[in-house]
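Worksheet: the structure to be examined is printed underneath.
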Amino acid sequence: MEPEGGGSIRGVVIHAETDAPISGVSISTKPATAAVITDQEGNFSIPEVDAGEYNVVAQKLGYKMKGVTVAVKSFKSSHVTIVLEEAIGGGLAPGKATNPVPASGTTSQPTDVTLRWKAPKSNSSDTLSYDVYLYESGNTEKRLIAEAISDTSVVARNLKYNTTYFWQVVVKDASSRTSNGDVWSFTTLALTNARYLFARAIEGDYNIYRSDGTEVNTFRLTSGVSRDWWPLLNPKRDVIAYASNESVEPQIYTMNLDGTGKLQITTVPVAGYHNQGIGFVWSPDGGQLIYPHYDKLYRIVRDGSGLTVLATAPEGRHFRMLEWTDRGNKILAQTIGQNINHSEIYIMDSNGANMTVLVENLPGRVESPAFAIDGKSILYTHDAAGFENTEGRQLNSRIYRKELGTNRVTDLSSGKPAGTNDLYPRYSPTGDKIIFVNTPNDGFGPYDIYVMDANGSNRTRIFSNATMPDWK
């Protein structure tokens with residue numbers, strides 16, 4: 001049998017390009033033995049090493065770390081040559097990015113803005129990459145919008161209007177040394193005449209969007225993991241109301257037209273049978289809102305004061321979707337039972353008196369009442385298939401116009417594709433158009449927003465993946 005005993009590791013460390021020996025290199029092994037340093041000739045020696053396989057690691061500032069595997073036999077000396085490459089930048093961190101575009105402090109930038117910078121000076125052999133961080137004024141949480149990119153530009157998308165943003169470029173070299181750049185800022189441009197509001201779901205989270213009628217000029221007003229929807233522009237066009245479950249129960253909030261100044265104005269939630277924060281509406285003068293809370297119809301001043309009960313729903317019913325016109329100062333109210341298919345539409349005075357059935361409970365769902373501008377007719381939706389199940393699925397929801405003087409009913413969904421539902425109709429500010437949602441009847445979407453002429457012709461899609469539209 002071959003006798004067992006200790007061996008040794010001997011070696012030399014040389015320069016990758018010149019083959020010159022390198023002194024002062026730290027040598028260690030895995031498994032651990034001894035730690036030594038190379039001499040002036042680049043040599044090193046680790047005596048009395050047990051037989052086995054080792055990874056010999058060489059490290060020195062300014063060089064890339066290098067490991068070499070060597071087998072040690074009993075009573076034998078194993079020799080290894082380790083070739084070290086210089087680290088990029090000679091061991092120093094890379095320089096900072098400079099010359100930001102847009103220049104720091106620039107205003108009136110678009111909501112999709114290209115951020116550019118100048119790369120730092122480096123050796124010709126440097127390979128630099130960039131991480132780019134962005135955060136908005138008043139929010140210290142940085143958002144990584146680009147990681148390990150080689151280009152010196154990146155597009156920041158879907159920014160808010162009239163908002164100051166800060167950004168920073170982190171430079172990284174091939175040895176993972178980093179340099180944090182200066183923090184630069186820019187401010188996005190003020191809002192255009194964007195008269196459309198809607199809710200859009202991205203990865204399950206609903207947020208409020210505003211647009212001028214094009215996807216190019218569409219921007220997000222809210223953000224976060226709460227469900228923000230049912231946006232309504234105040235008739236004075238100075239504030240937006242919307243529902244949010246940020247505080248668990250759906251409450252009404254208001255915000256400025258650019259998404260700033262968010263304020264919760266209700267403490268009694270918007271709730272009831274089959275209602276998770278929808279159905280409220282502004283008063284014609286924009287000073288108040290009315291909203292459903294189970295079997296109560298509430299009125300509240302826009303600053304959150306003056307909560308008043310206007311009406312009580314019939315026994316076993318809850319209020320759901322509402323509408324209010326200045327033509328005769330009337331209110332439309334959908335009431336609904338525990339069964340989502342059992343609903344009807346009432347008309348009443350603005351003080352809740354003289355509540356009268358306008359559209360009776362029909363087979364299939366009845367909902368979404370909306371006054372015409374002149375108050376002489378209303379819109380509503382009804383599942384013409386008369387389909388009813390516990391989930392409330394609709395097979396053929398259509399938009400109808402009812403003349404209040406003659407009770408004449410007209411189907412406005414003659415151009416609707418088969419297998420889809422028309423939902424949430426509202427008149428345009430001029431009254432000659434109707435905005436609404438169309439979606440497949442299987443419940444899997446997508447929800448798209450359309451406009452059509454007031455007689456139901458010329459259906460045109462204007463927004464994809466959008467619902468609950470408002471147009472003022």
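The values are calculated or read from the model by the stated rules, or taken from the named source; none is laboratory data. This is a predicted model, so every value here is computed, not measured. Every residue, glycine as well, gets a Cβ built from its backbone with ideal geometry; the counts of neighbours run over all protein chains shown. These accessible areas exclude ligands, DNA and RNA; they are computed on the full protein's heavy atoms, side chains included. Shrake-Rupley method; radii C 1.70, N 1.55, O 1.52, S 1.80 Å.
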- Task: Kindly indicate the residue of segment 379-389 that is in contact with a Leu (Cβ under 8 Å, 6 or more places away or on another chain) and under 17 Å from Arg320 (Cβ atoms) and also most open to solvent (accessible area, probe 1.4 Å) among those meeting that condition.
- Result: His382
- Message: Suppose the filter is in contact with a Gly (Cβ under 6 Å, 6 or more places away or on another chain) and buried (at least 16 other Cβ atoms within 10 Å of the Cβ); does Val36 pass it?
- Response: no
- Given (1) buried (at least 21 other Cβ atoms within 10 Å of the Cβ); (2) under 21 Å from Glu136 (Cβ atoms), index of the condition Ala243 fails: (2)
- Test each condition in (1) at negative phi; (2) touching a strand residue (DSSP E or B) at 6+ places or on another chain (Cβ under 6 Å); (3) without any contact (Cβ under 8 Å) to a residue 40 or more places away in the chain; (4) exposed (fewer than 14 other Cβ atoms within 10 Å of the Cβ) for Thr81 and report the one that comes out false. (3)
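This table checks each residue for (1) at pLDDT below 95; (2) of a type outside the set (Val, Ile, Thr).
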| residue | (1), (2) |
| --- | --- |
| Arg408 | no, yes |
| Leu412 | no, yes |
| Pro417 | no, yes |
| Thr420 | no, no |
| Tyr424 | no, yes |
| Asn438 | no, yes |
| Gly445 | yes, yes |
| Ile449 | no, no |
| Ile462 | no, no |
- Query: Hey, any hits in segment 315-326 for a residue that's modelled with pLDDT of 95 or more, buried (at least 20 other Cβ atoms within 10 Å of the Cβ) and out of contact with any strand residue (DSSP E or B) (no Cβ under 6 Å at 6 or more places or on another chain)?
  - Reply: no
- Taking only segment 417-442 into account, find how many residues are outside any strand (DSSP E or B), among the charged types (D, E, K, R) and either open to solvent by less than 50 Å² (accessible area, probe 1.4 Å) or under 30 Å from Ala194 (Cβ atoms) (or both). 1
- Query: Which of the residues belonging to segment 46-56 are closer than 30 Å to Ala93 by Cβ and either touching a Cys at 6+ places or on another chain (Cβ under 7 Å) or surrounded by fewer than 17 Cβ atoms within 10 Å (Cβ to Cβ) (or both)?
  - Reply: Asn55
- Could you please let me know if Lys142 is of a type in the set (Lys, Arg), touching an Asp or Glu at 6+ places or on another chain (Cβ under 9 Å) and more than 25 Å from Glu86 (Cβ to Cβ)? no
- So, in segment 1-31, of the ones that are open to solvent by 60 Å² or more (accessible area, probe 1.4 Å) and within 14 Å of Ala71 (Cα to Cα), which residue ends up modelled with the highest pLDDT? Arg10
- Message: Given the condition over 23 Å from Ala241 (Cβ atoms), open to solvent by less than 30 Å² (accessible area, probe 1.4 Å) and not hydrophobic (A, V, I, L, M, F, W, C), answer yes or no: does some residue in segment 371-378 qualify?
- Response: yes
- Among the residues of segment 86-125, how many are in a strand (DSSP E or B), modelled with pLDDT of 85 or more, farther than 30 Å from Tyr209 by Cα and open to solvent by 70 Å² or more (accessible area, probe 1.4 Å)? 2
- Item | Failed condition for Gly392, given (1) free of Cβ contacts under 8 Å to residues at least 60 places away in the same chain; (2) open to solvent by less than 30 Å² (accessible area, probe 1.4 Å); (3) more than 24 Å from Val309 (Cβ to Cβ) | (1)
- Please indicate, with yes or no, whether at least one residue in segment 403-416 is under 35 Å from the mean Cα position of the chain (by Cα), part of a strand (DSSP E or B), surrounded by 15 or more Cβ atoms within 10 Å (Cβ to Cβ) and in contact (Cβ under 8 Å) with a residue 40 or more places away in the chain. no
